[in-house]
Amino acid sequence: MATGQFPVGGVLYDRPFKIRRLNHFGISVDDTGRALAFYRDVLGFSVSDKIDLKIVEPGEWMDGVPDTHIYFLRHNSDHHTFVLMPRPWIDQTASAPRSDITINQITWQVGSLREVVEARVWLESTGTKISRYGRDPGSNWHTYFPEPTGHVNELEYGIEQVGWDGLSKPEAMWPWGIGHPPLPTSSESTEMAVAAAKGIDLNSGHRWVDELPKTHDVGGVLLSRPFKAVRIGPVSIFVEDVAASERYYIETLGLVPSEEVTVLGHRVVFLRANTEHHSIGLFPLELRAALGLSENTTLLSFGVQVGSYEQLRAARTHLLERGVTLLELPPEIHPGIDYVIHAVDPEGHVMQLYYYMEQIGWDGKPRPADQRRWVEPGVWPETLPALPDTYTGETFWGPLG
């Protein structure tokens, strides 16, 4: 592949886009209502919007389905950073090539609408199958496409921001439709002005209020649980061919190799999009049973970073008190992260809670393994000495609650 072919904002890259960060993630579950209770009430994600598919797309798929909603969840001001979809609906609309793929999307944010549009054209020219493209609730322009094992990736730009009032855009403004616009196109502020001129009540969007008692002191703020999610990712997935997936994420998506390790005799690869040690981990499917994880999903874990080590310790107690299953997994599966909680959701998906991720600087080199903090399994000191990159990396903007 030729180097320096495409100017991305005036800087040359091998492809016409540059991934900036992991933006959101989605899974399909048998019972979205039960999953919602875990991700909303236990982990603290806010509900931005919901769609009742019983109204939008009724059909035989609904038979016996306990909850027919799609739920859009967020931990920050992005309209959604986590999405729950009914698996029966997914199976009959866009069935995955493997029955154990419950990952709906791995969504990467690029820097502009132009990058989303030109990425689609370029991906098609490389032989990549484009699943769909356009715009959905949340207003982000997107392009969807599968990687070698069949996990759907998405490039997106321009996700809606939810402000101090907690209101999402009115449903009347949801940009349903297929296709990308001719460039340049109207700005979001212009869209809002047009909607107001049409008489759409801009204050009629969804607003969810956390009604659980706010009794936990989190950094001086009273919240409903003793921790706050401040960042999402990394995502760790099982793939059929680690080498093939590695080539895809590097050569096609432009992610950067950070490190490779051996886990129970198997080669595992970690790649990054920004300065974080890794945004995605690629694990061979053979490791799934060896680690004692659910055979019903190719997701090893999805990362949720909390605001401090103090919060992480409190989260562990909080989860145990609520009967959440916590797993002890080998530290080799998360290089660059020291203290970790692996919490299992109601359908067997593992959430990886942590407070710290190693940051990689201008030289592109991770910290040598022998210079990392040593963690004694099962031992949680009350305090830790700071590392040079403790509390660095992507910062959570705005109030904790």
Handout entry: Any hit, segment 339-350, residues being over 23 Å from GLU295 (Cβ atoms) and at pLDDT 95 or above
Key = yes
Practice task
Return the total of residues in segment 128-151 being farther than 17 Å from GLU191 by Cβ and either among the charged types (D, E, K, R) or not in a loop (DSSP other than H, G, I, E, B) (or both).
Solution key: 8
Problem - Pairs, first free of Cβ contacts under 8 Å to residues at least 24 places away in the same chain and not assigned by TED's automatic domain parsing to the domain that holds ILE101 in segment 333-356, second β-branched (Val, Ile, Thr) and not in a strand (DSSP E or B), C-beta under 6 Å, six or more apart - result: VAL344/THR325
Fill in the blank from the handout: Taking segment 157-174 and the residues there that are more than 22 Å from the chain's Cα centre (by Cα) and part of a loop (DSSP other than H, G, I, E, B), the one that is surrounded by the most Cβ atoms within 10 Å (Cβ to Cβ) would be PRO170
Fill in the blank from the handout: If we keep only residues of segment 9-41 that are β-branched (Val, Ile, Thr) and buried (at least 19 other Cβ atoms within 10 Å of the Cβ), then the residue nearest to the chain's Cα centre (by Cα) is ILE27
Problem - Considering residues of segment 188-247 that are farther than 30 Å from GLU295 by Cα and β-branched (Val, Ile, Thr) only, the residue surrounded by the fewest Cβ atoms within 10 Å (Cβ to Cβ) - result: VAL209
Practice task
For segment 79-115, name all the residues that are more than 24 Å from LEU36 (Cβ to Cβ) and assigned to a strand (DSSP E or B).
Solution key: TRP108, GLN109
Exercise for the section: Output the residue which, of all residues in segment 70-89 that are within 19 Å of VAL235 (Cβ to Cβ), of a type in the set (A, V, I, L, M) and in contact with a helix residue (DSSP H, G or I) (Cβ under 9 Å, 6 or more places away or on another chain), is surrounded by the fewest Cβ atoms within 10 Å (Cβ to Cβ). Expected result: MET85
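The values are calculated or read from the model by the stated rules, or taken from the named source; none is laboratory data. Just so you know, these numbers come straight off a predicted model, no measurement behind them. Cβ atoms come from the backbone with ideal geometry, glycine included; neighbour counts cover every protein chain shown.
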